[in-house]
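One structure is given below, encoded as C-alpha cells.
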Amino acid sequence: MNWGFWLPLMVVMSSMIPGLLIFLLPEERAVTRTLLNLGGALLKLALIAVMLWGVYYDRGYETRITLLPGFDLVMHASALAMFFVVLSGLLWLLTTIYAIGYLEGGQNKSRFFGFFSICVSATTGIALAGNLFSFVVFYELLTLATYPLVVHRGTPESLKAGRVYLAYTLAGGAMLMLGVIWLHSLVGPFDFVEGGALAPYQAEHAQLLTVIFFLLIAGLGVKASLVPLHGWLPLAMVAPAPVSALLHAVAVVKAGAFGIVRVVYDVYGVRVVEVLGLDEILAGLAALTILYGSVLALHQDNLKRRLAYSTVSQVSYIVLGVAIAGPLATIGGIVHLVHQGLMKITLFFCAGNLGETIGVHRISAMNGVGRRMPLTMAAFTIAALAMIGIPPLAGFVSKWYLGVGALEVGENWVIAVLVASSLLNAAYFLPIINAAWFNPPDGPWPKDVRRGRLETMPTLLWPPVITACAVVLAGVLANMPFSPLDWVKLIANRLYLP
Amino acid sequence: MRSIIAQVAMTHFGLFAVVFTPLLVLLLMPFARLRPLAVRLTPYTALPALVLSLSVREDFTLHVSWLLLGTDVGIDLVARVFMFFSAWVWLAAGFFARRYVKGLLRHRFFLFYLVALSGNLGVIIAQDIVTFLLFFSMMSLASYALIVHRQNAEAIRAARVYITLVILGEMVLFAGAVLAYHVTGTITLAAMTDALTGAAQRDLVMLLFFVGFGIKAGLVPLHIWLPLAHPAAPTPASAVLSAAMIKAGFLGWLRFLPVGKVGLPTWGLWCVILGLIAAFYGVLFGLPQKNPKAILAYSSISQMGFLTLILGMGMASPATWPLALTALLIYAMHHALAKGALFLSVGVSLEGMAQRWQRVLLGLGLIIPALALAGAPWTSGAIAKGALKQALYETEALQGDWLIWLISFGAVGTSLLMARFLYVLWPRHFRASASVEPALWVPWALVVVSVVLVPWLTPWPELRHAALAASQASLVWSSLWPVALAAALAYAFYHWRLASPYRLAFNPPAGDLVVPVVGLLSLLLRSSQAFRAVVFRKWQTLVDRSARLLQGPGAYAQIVNRLEAMLTNWTSGGFWVVLLGVLVFVALWLAS
C-alpha cells in the first residue's frame, strides 16, 4: 500500500466515515455512537501522528485524484497544513468528549454528531487542500455541514441565526468561487506553492490579480469574520456550546483565516502581495477588525456573545500577522492560529459549563461563580489572561512575535493596535474574572446540577482544564521542539529561506 | 572538581527552589483538607530564597533554552541583596498573616500570597526580559487579591485603581520590551542594556521602561494607587507591598535601564528632580493623613524618591555607578526592613498590651524603625544616607550644595512624617484584659531586631565595607540635626499647643511628645489636604466617566449598537450578494 498517497485521504475520511455511519444509527444507540465518535477521533489522531513524523523528516504525503482534466482534488501534507490538522484533530477529540456530556438527555443526537464529524472532515480537508479547487470543495462542505449544528436547538432564535449564517457564508462562498474560477481561467490549474504560485503572472495581470485578490479575501473574510463581514458570528453563538467552541476555535472562523494565509503565502506569495500594495490594505482591515470587535465585546452582557465579539477581534491577529508579512510577524500570525484556538475553546467550554451546570448565561449573573465552579473558572481565568497577553501564556507569545515582526518591517503603528487591543481585552475580561472570584454570589443559582464530588460532569469539566493547561504549556514551553511556536518557525523557514 | 560541580548543581537547584517552593505549596490549595497545611507552610516558602541569598557567594547565570523564549536566571550582588530583604519580609509577614488573616477568605488570601511571593522572588533572579515580565505580572496580578481582600468599598476602589494601573503598566512594558528586542536583538537583560547604550531609539525604550516600572515603584505622579492600596490591604499584605514589591519596580529600572554603562546626564538630572519631587511630595501629602498605613504609604513614596535620586546619580556619571549602586542596595535594604517593621507594628499596636513591660517594648519597637527611617545617628537610615552622600560627592555631573541641603531637608520631612505616624498610632488606651499573641509580635519583633542589626552585620563583604565606611564618614551631626530640628519643631509646638484654648478642652495622652508636631502640621497642611481632596475627586469622576463611556449605554454605544443590529440582520447577507454582482460588473469592466 502506498502510504504517501493514502494517508492524507485517510485522515480526512477517518471522521467522514464515522459521521456517515452515525446518521444511520437510531437515536437510542448511544454506546455505539460514542464508540464511533471516539474511535474515529482517536484513529484520526494516530494517523496524524504518523503523518506529522513524516512531514518533520520532509517526507511527502499527497493524495491526488483527477476529477476532470485540470481539476485535481489534492490533499497535500505540508508543514503549514499539518499545523492546522493537528489543531483540529486534538480539539475534535476534546470537543467530542465535551459534546457527549453536553448533549446528554438532548434530542437528535445522531443528526448532531453526524454533521459534527463531517464538519471536522471538512476542516481537515481545508487544512490539507493542495490547491484552490480542493480548498473550495471542502470550504463549501463546511458551510453546509455547520448549518444543522447552528440551528440544532430549533428555536426561532437559532433558526434566525442559521438564516443569517447561510446568507453570509453562501454569498461569501460565491465570491470565493468566482475568484477561484477567474484565476483558473487566467493562469490555468496550479497547486499551492510555498512562496506563491502567481509570481510569473504578476507583471502581466497586475490589475486583474488585484481584483481577484479582493474577491478571494471577501469570500474568505466572511468566515474569518473580518469587519464588516462578521454579522453572522455573534448570532451563531445561540448554537450549543460545543458547536460554538468548535466554530470559534477550529472550524469555521479558522477556515477563513487559514484560507487567507493560503492565499497570501501559497497562491499570491508575499512578494506579489507586497508589490500589488495589498498587504497594507489587508493589515488595515485586520487592525480595524481587531479594535472594532474588542470595542463591541465591551458592552455585551451575554457571556457567549462577549466571547463571540472577542473572536472577531482575536482571529484578525492571524490576518494581521499574515498581512504584515515579515518572517517574525508570520510566526506570530500563524502561531496564533493554534494559540487562539486553545484559548477560545477553553473559554467556550467554560461558558457552556456555567450554562449547563448552574444556568448562568449572563455576565451580570456571574458573581461568585468561582466558588461554585473553581476548576472551570480557573481554566477560564487562564484563557482570559492569555487573551490579554499576560506572560507566559500562549497569547503573549503570539503578541510578542506580532509586535517584534511589525517593528522588523517598520510597521510601528501595529504596536499601538496591539496595546489598544490588549487594553480592551483586559477591560472586558477582567471584570468577569473579578466577578467570578471576588464578588459574593447574589443568591441561589438558577439551577444546580450536582455530580458527585466534582463541580460538574467529568466530561464537561476535563476538556476545558486540559485546554487551559495547553494554553499554559504553549507559552511556558514555547521554545521546546514540537511546541506550536517551534513548528511555526519550521513553516516560516520554509516560506522565507528559499 | 567534584565539589565544584556539586556546588554548581546545588545553586542551580537552589534557584529553582526559590521560585517553585511557593508554587509547590500552592498545589495543596485545591484540596480542601490540605488547605490548613498549605497555610501552615506558607511562611517557610520564603526560606530557600533567604538561604540562597546568604550562602551563594559567586555570581552565575543559568540559561534554559527550552523554557519560554529562552530563559536566563541568575544571581548577582543585586539579586542577593534584594532576595535577602524580600525573603526576610515575606517570611515575617507570612508568620504574621497566619495569625492575622482570619475568616472565610483566609485560604484565598494565602493562595494569592503564595503566587505573589513566587513572582516577587522570580523577578529577582530573572535575567531576561520575558522571564522578568512573567514574574512581574504574576506578582502584580496576584497582589490584586491581597488588596481587595477586605471586600469593603475602600478595598474595592483601591483594588480597581490598582489593577487599572497594573494593566497600563503591563502594556507600556510590553511595548518597551518588544521595541528593546527589536533594537538590540536579544532578550538577555545584560546584553540588551549593553546594546541599548548606542541605539538610536534608546531614549524611547528607556522611557517606556521607566514609566512601566515607575508605576510599581510609586514614581510621582504614577503613585496614586499606592496610598489607596496600602491602607486597604490587610497589614501583612501592606508590609510586603511596601517593603518588597515596590522594590521590584525599582529592580526593573536597575535591570532594564543601561545605568552605569553610558553617561546619561539628562536622564540623570531628570531622575534627581523626579526623586526630589517624590521625596517632598510624599511628606507634604503624607502628613495630613489620619490612617497610619496611609502615612506609611506616603512615606514609601518619599523614600522611593530618594532611591530614584541615587539612580539618577548613577545615570549621570557611570564612574560613580559602583558607589551609587552600593548606596542603592544599602538604602533599599534599609527601607525594606524599616518599612516592613513599621507596617507590622500597625497590626501589633492595635492589639492590646496587658503588661507594662510589654508596653515599653512595644514603644521601643515602634520608635526604633521610625528613628531608622528618619535617619537618626547609628541607625540603618544614617548609614544609608551616608552612603548616598558619599556617592553624591563623587558625582561630578551633579555638584552643588543645594542638593545636599535638599536631601537634608528631605530627612527633616521624613522625621516629621515618622513623628506623625507615631502620634497617630501610639496606643493610648490599654485594655488590661487583652494581650497580643506571640504569633503576632514575634515576627514583628524579629524584623525590628533586623532593622537594628543588619546594617552592622551586612552579610556581603562588598556591602559591609561600604556600610562601615559610610557609618564612619557620616558625621553624627549631619544625621542628627534633621531629626533634632524635627524634634525642636515638635517641642516648640508643644508649648504653642499648651497656650491654645483647646488645651483646656481635652487632655492629650501623657508623655506624648509628638502631639504638637502634628498640631503644627495639620495647620500648615490643611490647605494641601483640601487641595488633595479636590484633585482626588476630579480623578475619580474622570475614571467613572471613562468607564461609563466604555460600557454604558451612552450615545456612542447606541450608534455602534445600531450599526451592529444592521449587520446582524439577515438581509445584510443579501446585501453582500448584491455587492457581489456589482463587484463582478466592475471587475469585468476593468478587465475589458
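Results, tabulated for the structure shown:
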read-out	value
Single unsatisfied condition, A:ILE126 versus (1) surrounded by fewer than 21 Cβ atoms within 10 Å (Cβ to Cβ); (2) modelled with pLDDT of 90 or more	(1)
Selected residue (criterion: nearest to the other protein chains (Cβ to nearest Cβ)) from residues of the stretch A:462-492 that are in a helix (DSSP H, G or I) and without any contact (Cβ under 8 Å) to a residue 24 or more places away in the chain	A:ASP486
B:SER86 of a type outside the set (A, V, I, L, M, F, W, C), in contact (Cβ under 8 Å) with a residue 40 or more places away in the chain, out of contact with any strand residue (DSSP E or B) (no Cβ under 8 Å at 6 or more places or on another chain) and away from chain A (no Cβ under 13 Å)	yes
Subset of the stretch B:206-225 that is in contact with a Gly (Cβ under 6 Å, 6 or more places away or on another chain) and not small (Gly, Ala, Ser) - its residue that is surrounded by the most Cβ atoms within 10 Å (Cβ to Cβ)	B:LYS216
Of all residues making up the stretch A:474-495, the number that are within 19 Å of the chain's Cα centre (by Cα) and either of a type in the set (D, E, K, R) or open to solvent by 40 Å² or more (accessible area, probe 1.4 Å) (or both)	0
Test: residue in the stretch A:302-316 that is over 20 Å from A:ILE345 (Cα atoms) and either open to solvent by 10 Å² or more (accessible area, probe 1.4 Å) or within 11 Å of another protein chain (Cβ to nearest Cβ) (or both)	no
Filter result (within 16 Å of A:PRO440 (Cβ to Cβ), within 13 Å of another protein chain (Cβ to nearest Cβ) and open to solvent by 10 Å² or more (accessible area, probe 1.4 Å)) within the stretch A:364-390	A:SER364, A:ASN367, A:ARG371, A:PRO374
Residue check for A:GLU157: within 30 Å of A:LEU235 (Cα to Cα), open to solvent by 10 Å² or more (accessible area, probe 1.4 Å) and among the acidic types (Asp, Glu)	yes
Scope the stretch B:93-110; condition open to solvent by 10 Å² or more (accessible area, probe 1.4 Å) and touching a Leu at 6+ places or on another chain (Cβ under 7 Å); matching residues	B:ARG99, B:TYR100
Evaluation of B:MET29 against (1) open to solvent by less than 30 Å² (accessible area, probe 1.4 Å); (2) within 27 Å of B:LEU344 (Cα to Cα); (3) assigned to a helix (DSSP H, G or I) (one fails), failing number	(3)
Check on A:LEU142, more than 14 Å from every other protein chain (Cβ to nearest Cβ) and touching a residue at least 60 places away in the same chain (Cβ under 8 Å)	yes
Residue under evaluation B:GLY198, criteria (1) open to solvent by 50 Å² or more (accessible area, probe 1.4 Å); (2) more than 13 Å from chain A (Cβ to nearest Cβ); (3) under 27 Å from the mean Cα position of the chain (by Cα), criterion not met	(3)
A:LEU229 being in contact (Cβ under 8 Å) with a residue 12 or more places away in the chain, facing chain B (nearest Cβ under 10 Å) and not in a helix (DSSP H, G or I)	yes
Flag for B:SER53 being touching a Lys or Arg at 6+ places or on another chain (Cβ under 9 Å) and among the small types (Gly, Ala, Ser)	yes
Filtered residue count, the stretch A:66-96, keeping only those that are of a type in the set (S, T, N, Q) and open to solvent by 30 Å² or more (accessible area, probe 1.4 Å)	1
Residue within the stretch A:87-99 that is farther than 24 Å from A:HIS339 by Cα and touching a helix residue (DSSP H, G or I) at 6+ places or on another chain (Cβ under 8 Å) present	no
Positions within the stretch A:21-63 being among the basic types (Lys, Arg) and at pLDDT below 90, in sequence order	A:ARG29, A:ARG59
Residue match in the stretch A:449-461 (condition: hydroxyl-bearing (Ser, Thr, Tyr), under 22 Å from A:ALA308 (Cα atoms), open to solvent by less than 60 Å² (accessible area, probe 1.4 Å) and not in a loop (DSSP other than H, G, I, E, B))	no
Answer from A:VAL211, A:VAL261 - the residue that is part of a helix (DSSP H, G or I) and either away from chain B (no Cβ under 12 Å) or surrounded by fewer than 18 Cβ atoms within 10 Å (Cβ to Cβ) (or both)	A:VAL261
Boolean, B:ARG80 is assigned by TED's automatic domain parsing to the domain that holds B:ASP128, open to solvent by 40 Å² or more (accessible area, probe 1.4 Å) and among the charged types (D, E, K, R)	no
Odd one out for A:ALA436, checked against (1) within 29 Å of A:TRP400 (Cβ to Cβ); (2) within 22 Å of the chain's Cα centre (by Cα)	(2)
Check on B:ALA87, at pLDDT 95 or above and either in a helix (DSSP H, G or I) or among the charged types (D, E, K, R) (or both)	yes
Selected residue (only one of B:LEU204, B:LEU222, B:LEU241, B:LEU208 is in contact (Cβ under 8 Å) with a residue 24 or more places away in the chain, more than 14 Å from every other protein chain (Cβ to nearest Cβ), part of a helix (DSSP H, G or I) and among the hydrophobic types (A, V, I, L, M, F, W, C))	B:LEU241
Answer residue from the stretch A:415-431, given it is farther than 9 Å from A:ILE388 by Cβ and within 21 Å of the chain's Cα centre (by Cα) and is farthest from the other protein chains (Cβ to nearest Cβ) among those	A:SER421
Test for B:GLY413: is it open to solvent by less than 60 Å² (accessible area, probe 1.4 Å), at pLDDT 85 or above and within 25 Å of B:LEU276 (Cβ to Cβ)	yes
Some residue of the stretch B:50-60 being of a type in the set (A, V, I, L, M), within 30 Å of A:VAL488 (Cβ to Cβ), more than 12 Å from chain A (Cβ to nearest Cβ) and not in a helix (DSSP H, G or I)	no
Failed condition for A:MET51, given (1) in contact with a Gly (Cβ under 8 Å, 6 or more places away or on another chain); (2) assigned to a helix (DSSP H, G or I); (3) farther than 13 Å from A:GLY114 by Cα	(1)
Matching option when the condition is surrounded by 22 or more Cβ atoms within 10 Å (Cβ to Cβ) and modelled with pLDDT under 90, among B:GLY363, B:GLY347, B:GLY352	B:GLY347
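The values are calculated or read from the model by the stated rules, or taken from the named source; none is laboratory data. These numbers come from a predicted model, not from an experiment. In this analysis, Cβ positions are derived from the backbone assuming ideal geometry, glycine residues included, and neighbour counts consider all displayed protein chains. Ligands, DNA and RNA are stripped out before the accessible areas are found, and what is left, the full protein with its side chains, is counted by its heavy atoms. Shrake-Rupley method; radii C 1.70, N 1.55, O 1.52, S 1.80 Å.
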